[in-house]
1. Where nothing but the Cβ of Lys and Arg (+1) and of Asp and Glu (-1) is charged, how large is the charge dipole of the chain around its Cα centre, in debye to the nearest 20?
2. Put T110, T89 in order of accessible area, largest first, 1.4 Å probe: what do you get?
3. Between the DSSP loop rule and a limit of at most 10 other Cβ atoms within 10 Å, which trypsin sites (Lys or Arg not before Pro) in segment 20-60 are left?
4. Expressed in nm to one decimal, what extension gain is obtained for the pair S223 and T58 from 0.36 nm per residue of sequence separation less their Cα-Cα distance?
5. Please give the calculated 222 nm ellipticity per residue for the chain, where each DSSP H segment of at least 4 residues contributes -39500 (n - 2.57) and the sum is spread over every residue; nearest 500 deg cm²/dmol?
6. Which of the trypsin sites (Lys or Arg not before Pro) found in segment 74-138 are loop residues per DSSP with 16 or fewer other Cβ atoms within 10 Å of their Cβ?
7. For segment 13-136, what class follows from the C-alpha gyration tensor (a ≥ b ≥ c being the square roots of its eigenvalues): rounded when a/c is under 1.5, otherwise prolate if a/b is larger than b/c, else oblate?
8. Which one is right for this structure if Cα Rg over 2.2 N^0.38 Å is calculated from it: [x] 1.09; [y] 1.21; [z] 1.72?
Amino acid sequence: SGRLGVLDASECPPTFGVPPERVVGLIAGGERALRESIEGEEDNREAGVADLDRLNPTPIDFVVGIAASGSTPYVAAALDRARQLGCKTALVCCNPAHVAQADIIICLATGPEALAGSTRLRAGTATKMVLNIISTGAMALSGYVYRGLMVEMKPSNAKLRLRAAHIVDTIGGVGTERATELLQAAHWSIPTAIVMAVGQVDAATASARLCHGQHRLRDELKSI
């Protein structure tokens with residue numbers, strides 16, 4: 001469960017262009033547990049609290065606990081601590097008889113595993129899908145997605161620069177060659193290039209419009 005959380009969090013910066021601290025994944029046992037099993041650490045309630053406290057969460061943060069059994073002490077303690085700090089919380093589990101508590105319970109009816117006790121199978125697959133939905137939905141609501149396109153993606157290599165040009169062309173209808181030119185003028189900022197294409201303005205004007213609209217491309221395009 002913890003590895004799935006860290007995986008989903010690590011995919012948010014390249015997919016949506018958010019800083020790494022925007023979506024953070026914690027796992028019992030820390031970084032070492034990503035590559036080898038440290039099963040005993042999931043029983044450590046104190047570590048769950050300490051790991052969460054190191055992030056200095058505030059009431060504007062949302063804490064999602066992930067535990068197939070719904071009773072993992074590390075997760076339950078972190079959720080309890082998050083609620084004490086005023087954070088909204090959710091629990092993703094696959095056991096109707098869950099022990100951990102949260103404001104929102106997402107209990108997946110995955111049933112018995114094909115390999116008894118191996119929650120990396122049905123439970124793991126279902127949990128991965130739910131985490132995708134949560135993070136993608138949150139990013140879409142925050143303005144990082146427009147019409148199903150990753151408009152805040154950072155074009156950091158040749159493949160992504162080509163994808164960025166297609167995104168600008170799809171929304172702006174300027175062709176990929178012109179889209180590439182706009183991206184270069186916009187220092188490879190996809191939203192800026194899109195506003196340049198749709199509004200027929202230069203990079204400085206497009207950037208200023210986005211800053212005025214708190215960088216929400218969706219809102220800016222409505223006004224053009």
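The values are calculated or read from the model by the stated rules, or taken from the named source; none is laboratory data. Please read all numbers here as calculations on a predicted model, not as lab measurements. Note that we place each Cβ from the backbone using ideal geometry, even for glycine, and neighbour counts take in every protein chain shown. Quick note on the areas: whole protein, heavy atoms, side chains included, nothing else; ligands and nucleic acids left out. Shrake-Rupley method; radii C 1.70, N 1.55, O 1.52, S 1.80 Å.
1. Numbers: 22 positive and 23 negative charges, 118 e Å.
Using Cβ point charges on Lys, Arg, Asp and Glu, the chain gives about 560 debye.
2. The most accessible residue leads, giving T110, T89.
3. Sparse-neighbourhood loop trypsin sites (Lys or Arg not before Pro): R35, R54.
4. Numbers: separation 165, 0.36 × 165 = 59.40 nm, distance 3.39 nm.
Here the answer is 56.0 nm.
5. Value at 222 nm, helices only: -15000 deg cm²/dmol.
6. R120
7. rounded
8. Answer by label: [y].
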